[in-house]
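A short worksheet on the structure shown next.
The values are calculated or read from the model by the stated rules, or taken from the named source; none is laboratory data. This is a predicted model, so every value here is computed, not measured. Positions of Cβ are backbone-derived with ideal geometry, glycine not excepted, and every protein chain shown enters the neighbour counts. Note: areas computed on protein heavy atoms with side chains; ligands, DNA, RNA excluded. Shrake-Rupley method; radii C 1.70, N 1.55, O 1.52, S 1.80 Å.
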Amino acid sequence: MDIQKIMVIGAGQMGAGIAQVCAVSGFHVFLNDINQEGLDKGIESIEKNLSRQVAKERMSTEQKQAAIDRITPVLNLEEASGVDLVIEAAIENMEIKSNIFAELDSIAPSHTILATNTSSLPITEIAAATNRPEKVIGMHFMNPVPVMKLVEIIRGLATSDEVFDLIEDLTKKLNKVPVEVNDFPGFVSNRILIPMINEAIYTVYEGVATPEAVDDVMKLGMNHPMGPLTLADFIGLDTCLYIMEILHDGFGDDKYRACPLLRKYVKAGWLGRKSGRGFYIYD
Ligand code: CAA
């Protein structure tokens, strides 16, 4: 099978980024969201990113327009009937994802691969909502999608080798680097990253250092592009807490206990960059 048409579900930060890289790589993309406002915002962010590429002379105006023309915004899932691959990037909620996958399973032709960009929900459980678990796979892109090279490719229990190979190959065509991992809580990326962020929050909570000092240590001492607390604000503190809870539930080990300060910030609505305040204040 040759993947040509792709549907991306969810036009938020991740979905729009995925649609952008697919369209720039020459694929036809149906970008789906549940409301027009979400779609408009997604398309706007893609246009803005591509305009920056044109301004930097990495892309011509014609190439930018051709990429945008390859994206068709849609408000329902019916277009899944004509695609070879669906990449789901809706919200991180098992019930919502299971419902989407069950619906896609009934609409999409039997050859269509159903991928999820989940950052931490079990691929095997999402696959169980369909009658094609061998064609369900995780494709975990990193934020910001157009910049980050990694895609974690996660095999569910039943994912076939053929589907894995097709997705690995597609990832390379998107100019990304696929890394194979198995289906365990947090996969590899978030099993390592989010406990590191949680530990950084503990160092602030226990008065060891200020957020600025913690970030400076990791930036200047370990060459991380962003300190862990700046990164936590970038990811969203609610998302960090959610992933810590998935690790804690999944492994049952106390080392994955979320820091009380992280819980407090989330309860206060201090969610990071998106809410204007987290460990830092944003205008
Ligand atoms: N969308 C598109 N492009 C973006 C962008 C965005 N949101 N933010 C930055 N960029 C681009 C800039 O345009 C710039 O491009 P050029 O080099 O072509 O000019 C490039 O990225 C570098 O940007 P800046 O010079 O403005 O800033 P920077 O050097 O600090 O880089 C960064 C920004 C790439 C985000 C960098 O700080 C970084 O790599 N941070 C760490 C990001 C990270 O760890 N991501 C993983 C998050 S965890 C995750 O995604 C998994 C999960 O499930 C939670």
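On the protein heavy atoms, probe 1.4 angstrom, tell me the percent of accessible surface of segment 52-151 carried by carbon and sulfur.
51 percent
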Discussion item. Only Cα pairs within less than 10 Å get springs; with that Gaussian network setup on the chain, which residue of ASN198, ASN223, ASN117 has the largest fluctuation?
Written reply: ASN223
Worksheet item: Nearest 0.05, what FRET efficiency do SER110 and ILE68 give at R0 = 35 Å with Cβ-Cβ as r?
Response: 0.65
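Send over a whole-number figure in Å² for the accessible area per residue of segment 37-180, probe 1.4 Å. Don't jump to the answer; show the numbers that get you there.
On the way: 6850 Å² over 144 residues.
Ligands and nucleic acids excluded, the figure is 48 Å² per residue.
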Item to complete: Please report the relative contact order for the chain, taking Cα pairs under 8 Å with a sequence separation of at least 6, and give it as a percent rounded to a whole number.
Response: 13 percent
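Given a cut-off of 27 Å, name the pairs among LYS172/LYS219; LYS97/LYS176; LYS64/LYS176; LYS97/LYS149; LYS135/LYS255; LYS5/LYS64 whose C-alpha atoms lie farther apart than that in the structure shown. Let's see the in-between values first.
Working: LYS172/LYS219 30 Å; LYS97/LYS176 25 Å; LYS64/LYS176 19 Å; LYS97/LYS149 25 Å; LYS135/LYS255 34 Å; LYS5/LYS64 19 Å.
Beyond 27 Å between Cα atoms: LYS172/LYS219; LYS135/LYS255.
Place a +1 charge on the Cβ of each Lys and Arg in segment 110-259 and a -1 charge on the Cβ of each Asp and Glu, then give the dipole magnitude about the Cα centre in debye, rounded to the nearest 20.
400 debye
Report relative contact order for segment 162-283 in percent, whole number only (criteria: Cα-Cα under 8 Å, sequence separation at least 6). Before the final figure, lay out the partial values.
Values: 124 pairs, mean separation 27.9, N = 122.
Computed value for segment 162-283: 23 percent relative contact order.
Ignoring the sites themselves, what is the longest stretch of the chain with no GluC sites (Glu not before Pro) in a DSSP loop and at most 15 other beta-carbon atoms within 10 Å? Don't jump to the answer; show the numbers that get you there.
On the way: sites that count: GLU57, GLU206.
Answer from the scan: 58-205.
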Item to complete: Return the sequence-ordered ³J(HN,Hα) values of segment 81-86 in whole Hz as given by the Karplus equation 6.51 cos²θ - 1.76 cosθ + 1.60 applied to θ = phi - 60°, using x for Gly and Pro.
Response: 5, x, 10, 9, 8, 10
Response to the item:
Any lysines whose Cα falls less than 19 Å from that of LYS274, other than same-chain ones fewer than 8 residues away, would be LYS41, LYS48, LYS264
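For segment 96-156, run through the trypsin sites (Lys or Arg not before Pro) and keep only the ones in DSSP coil with at most 11 other Cβ atoms within 10 Å of their Cβ. Provide the component values of the computation, followed by the final result.
Numbers: sites: LYS97, LYS135, LYS149, ARG155; in loops: LYS149.
The qualifying sites are LYS149.
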Worksheet item: Helix 94-107 versus the longest principal axis of the chain: what is the Cα-based angle in degrees, 0 to 90, to the nearest 10?
Response: 10 degrees
Worksheet item: Computed FRET efficiency, Cβ-Cβ of ARG273 and VAL188, R0 35 Å: what is it to the nearest 0.05?
Response: 0.90
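Please find the FRET efficiency linking GLU199 to VAL147, where r is the Cβ-Cβ separation and R0 is fixed at 25 Å, and quote it to the nearest 0.05. Could the numbers behind the result be given before it?
Details: r = 25 Å, r/R0 = 1.02.
After rounding, the FRET efficiency stands at 0.50.
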Discussion item. Taking the Cα centre as origin and putting +1 on Lys and Arg beta-carbons and -1 on Asp and Glu beta-carbons, what dipole magnitude results for segment 177-230, to the nearest 20 debye?
Written reply: 60 debye
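Size of the dipole of the chain about the Cα centre, Lys and Arg at +1 and Asp and Glu at -1 on the beta carbon, nothing else charged, in debye to 20?
On the way: 26 positive and 39 negative charges, 158 e Å.
Result for the chain is approximately 760 debye, rounded to the nearest 20.
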Worksheet item: Hey, if you put +1 on the Cβ of every Lys and Arg and -1 on every Asp and Glu Cβ in the chain, which of ASN32, PHE184, TYR280 ends up farthest toward the positive end of that dipole?
Response: TYR280
Fill in: Max mean-square fluctuation residue, GNM over the chain, Cα-Cα springs under 10 Å, options ASP183, ASP215, ASP105
ASP215
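So, with a 1.4 angstrom probe, what is the percent of accessible area on segment 204-250 that is carbon and sulfur?
On the way: 1370 of 2390 Å².
On segment 204-250, the fraction of accessible area on carbon and sulfur atoms equals 57 percent.
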Practice prompt. Rounded to the nearest 10 degrees, what's the angle between the helix 36-55 long axis and the longest principal axis of the chain, both from Cα atoms, 0 to 90?
Written response: 90 degrees
Worksheet, complete the sentence: Phi angles of segment 4-17, converted by Karplus (6.51 cos²θ - 1.76 cosθ + 1.60, θ = phi - 60°) into ³J(HN,Hα) in whole Hz with x for Gly and Pro, give 10, 10, 10, 10, 10, 9, x, 9, x, 3, 6, x, 5, x
Worksheet item: What ranking do 80-86, 264-270 get when scored by the average of other Cβ atoms within 10 Å per residue, highest first?
Response: 80-86, 264-270
